[in-house]
1. Being assigned by TED's automatic domain parsing to the domain that holds Ala137 and under 29 Å from Ala4 (Cα atoms) is the requirement here; does Leu113 meet it?
2. Conditions first: (1) surrounded by fewer than 16 Cβ atoms within 10 Å (Cβ to Cβ); (2) of a type in the set (Gly, Ala, Ser); (3) in contact (Cβ under 8 Å) with a residue 24 or more places away in the chain. Ser79 passes all but one, so which condition is the exception?
3. When residues of segment 112-122 are filtered for being in contact with a Leu (Cβ under 7 Å, 6 or more places away or on another chain) and in contact (Cβ under 8 Å) with a residue 60 or more places away in the chain, how many remain?
4. State yes or no: is Tyr100 of a type in the set (Phe, Trp, Tyr), closer than 30 Å to Asn154 by Cα and surrounded by fewer than 22 Cβ atoms within 10 Å (Cβ to Cβ)?
5. Which of the residues that make up segment 3-47 are exposed (fewer than 13 other Cβ atoms within 10 Å of the Cβ) and either among the hydrophobic types (A, V, I, L, M, F, W, C) or not assigned by TED's automatic domain parsing to the domain that holds Ala58 (or both)?
6. Show the residue pairs that are 6+ apart or on different chains and have beta-carbon atoms under 8 Å apart, the first residue being within segment 123-143 and closer than 15 Å to Gln43 by Cα and in the same structural domain as Ala89 (by TED's automatic domain parsing), the second being modelled with pLDDT of 90 or more and of a type in the set (S, T, N, Q).
7. Based on what the data block shows, is Glu93 more than 18 Å from Asp129 (Cβ to Cβ), in contact with a Leu (Cβ under 7 Å, 6 or more places away or on another chain) and among the acidic types (Asp, Glu)?
Amino acid sequence: MDIAFKVNGEARQVGVPQTASLLEVLRNHLGLMGTRYGCGLEQCGCCMVLVDGEPAYACTREVGTVAGRNVTTIEGLGSQAKPHPLQQAFLDEQAGQCGYCLSGILISAKALLDRTPNPTRAEVVAALDKHLCRCGAHQRILRAVERAAVKLRNAPVGARRAT
């Protein structure tokens, strides 16, 4: 069955069963490899994407549930030439080591900053609590999100919500 939805602002249509995982479709059918498979049980956050602006686990989400909706993956956040302020802050703070978990963390951080432009440290911690990072970069990750929040608050209004 064909399922139509937007991915990173682009209309896409895939011929897969509605029960296929969104993660499988993103990686294997659309070639978007930034979203990672971690545990498959909604326990690590590696597979996090935005569905209509809200964080969602792609590993357990059936693709049929995103028909007609907007999905944003890490590829839709920024580019190497023009990184999103979150991505730049993570680079500036050296917030990643192995990087496996970072796409999911960046997606959840974007959702937080979209709804709470001036988060407290506790709000950042709570938003990222569902993510498992074994590299021990937690303090740098928190600083990077706080740095990006400052940058986004000082950015022109149109640039704040850029995908």
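The values are calculated or read from the model by the stated rules, or taken from the named source; none is laboratory data. Since this is a predicted model, take the numbers as computed values, not measurements. Cβ: placed from backbone, ideal geometry, glycine included. Neighbour counts: every protein chain shown.
1. Taking the combined requirement at face value, the residue satisfies it.
2. (3)
3. Qualifying residue count, segment 112-122: 0.
4. Judged against the criteria, Tyr100 is a match.
5. Of everything in segment 3-47, those that are exposed (fewer than 13 other Cβ atoms within 10 Å of the Cβ) and either among the hydrophobic types (A, V, I, L, M, F, W, C) or not assigned by TED's automatic domain parsing to the domain that holds Ala58 (or both) turn out to be Ala4, Ala11, Leu41.
6. Taking only residues 6 or more apart or on different chains, the pairs are Ala127/Ser108; Leu128/Ser108; Lys130/Ser108; His131/Ser108; Leu132/Gln43.
7. Taking the combined requirement at face value, the residue does not satisfy it.
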